[in-house]
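Comments concern the structure below.
The values are calculated or read from the model by the stated rules, or taken from the named source; none is laboratory data. Everything numeric here is computed off the predicted structure, so don't read it as measured data. Quick reminder, even Gly has a Cβ in these numbers, built from the backbone with ideal geometry, and neighbours come from all protein chains shown. Side chains are part of the model used for accessible areas, which takes the heavy atoms of the whole protein and leaves out ligands, DNA and RNA. Shrake-Rupley method; radii C 1.70, N 1.55, O 1.52, S 1.80 Å.
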Amino acid sequence: MRRSIILLLVICVSTAFAETGAKIGLSYLKIGVDARAAAMGDAYTAVAKDASATYWNPAGLAGSGKNSVILMHNSWLQDVNQEFAAIQFINGKHNIAVSLNMISVTGIELRGETASEIPIGETHALNTYLGLAYATEIFGNWQIGLQAKYLYEKYYRYSADGFALDLGLKKENIIQDLSWGIVIQNLGKMSALIEEATRLPISLRTGLGYLLPLQIMENRPLLAADITHVLDDVTIFNIGLETKLVKHIALRLGYVLGRESQSITGGFGLNYDVFHIAYAFVPYSYDLGNSHRFSLMVDF
């Protein structure tokens, strides 16, 4: 009976992550971080160069020029919530950052072997990782980075853990005002959950970031584009645009192609001194609901 309940829970959580193309496990690893990135349609591989780069492309840490900390809350679909935190605490020739990414599903009802409208209790599901990233420059201004992640998943009373590695490369101004990045994510392995180990969503992501040669409110808009391929799964195209409306306010738009339930994204940013607040609105089709993401980034 208990094993049947656990298998049903795993199926339910996998269904909750279906919008990411979840044919393999730990799909939360494919849900992006940072409200700025989400508003730009997750086109961020060549853009990230603060603590959020631990997720998008660890090589970006080498171009930060300062330390930063980022906190994000993502009110995702139904009762699924995502929390992300990262801090880059060393910058310069050697750049080091740590990150924590956690997805939780609450209020999962438990029922016995007979059909009943009244549950016998509730449980929750938890997926998380703790990451340690390092980045540096080689051959002048080529940036390289890696992140080692400890992974953990728990459903009801069953849990599993494992390790994964992200490897990234980035070049700013590969031609004038154009940056390029590439990263391979989630190379690793999990221990068995119940009887079988969960397959990791190994992903290859590459992208460009370009400062457009025009002025809007005395600022140049940023155009970004990514292509992401998840091994044995989906290929996703992302495009994003950011422009400043006034000195402290930025408007962001994005588009995602390759996910049946997601397309247009949008949001804004408030920037003052070392503080950067971002909001992203990500609507979903098929009555799945909408995602609201908030993040705070502080430079120091």
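Relative contact order of region 52-101: what whole-number percent is it, with Cα pairs under 8 angstrom and at least 6 residues apart?
Across region 52-101, relative contact order equals 35 percent.
Provide the net charge surrounding Ile138, with neighbours chosen by a C-beta distance below 12 Å and charges set as Lys +1, Arg +1, Asp -1, Glu -1.
Residues near Ile138 contribute +2 overall.
Too long at a 19 Å Cα-Cα cut-off: which of Lys149/Lys189; Lys49/Lys171; Lys49/Lys247; Lys49/Lys170?
Lys49/Lys247
How much accessible area does Ser179 have with a 1.4 Å probe, in Å² rounded to the nearest 10?
My reading of the accessible area for Ser179 is about 20 Å².
Once you list every other residue whose beta carbon is under 10 Å from the beta carbon of Asn127, what net charge do they have if Lys and Arg are +1 and Asp and Glu are -1?
0
Give a residue-ordered list of calculated ³J(HN,Hα) values for region 272-277 (Karplus: 6.51 cos²θ - 1.76 cosθ + 1.60, θ = phi - 60°; whole Hz; x for Gly, Pro).
9, 6, 8, 9, 9, 10
In nm, what is the difference between 0.36 nm times the number of residues separating Leu257 and Tyr152 and their Cα-Cα distance?
Length difference between fully extended and current span is 34.8 nm.
Hey, what did region 22-88 get for relative contact order, percent, Cα under 8 Å, at least 6 apart?
Over region 22-88, the number comes to 25 percent.
Of the accessible area of region 141-200, with the probe set at 1.4 angstrom, what percent is carbon plus sulfur?
57 percent
Stretched out fully, how many nm does the piece from Met102 to Leu165 gain, at 0.36 nm a residue minus the Cα gap?
Result: 21.0 nm gained on full extension.
For Glu137, tell me the accessible area in Å² from a 1.4 Å probe, rounded to the nearest 10.
The accessible area of Glu137 comes to roughly 80 Å².
Out of residues 5 or more away from Lys49 or on other chains, whose amide H comes under 5 Å of its own, with H placed 1.01 Å from N in the peptide plane?
none
Can you give me the solvent accessible area of Arg259 with a 1.4 Å probe, rounded to the nearest 10 Å²?
The accessible area comes out at roughly 40 Å².
Counting only residues 5 or more places away or on other chains, whose amide H sits under 5 Å from the amide H of Leu193 once H atoms are built in the peptide plane?
Amide H neighbours of Leu193, under 5 Å, 5+ apart: Thr198.
How long is the gain from Arg199 to Val274 if the chain were fully straight, where each residue apart is worth 0.36 nm and the alpha carbon distance is subtracted?
Here the segment from Arg199 to Val274 would lengthen by 23.0 nm.
In a shell of Cβ-Cβ distance under 11 Å around Gly207, excluding Gly207 itself, what net charge do Lys and Arg (+1) and Asp and Glu (-1) give?
0
Just to confirm, what accessible area per residue do you get for region 156-300 at 1.4 Å probe, in whole Å²?
Counting only protein heavy atoms, the per-residue value for region 156-300 is 54 Å².
Could I have the simple spin-label model distance between Ile174 and Asn141, label points 7 Å from Cα toward Cβ, reported in nm to one decimal?
1.4 nm
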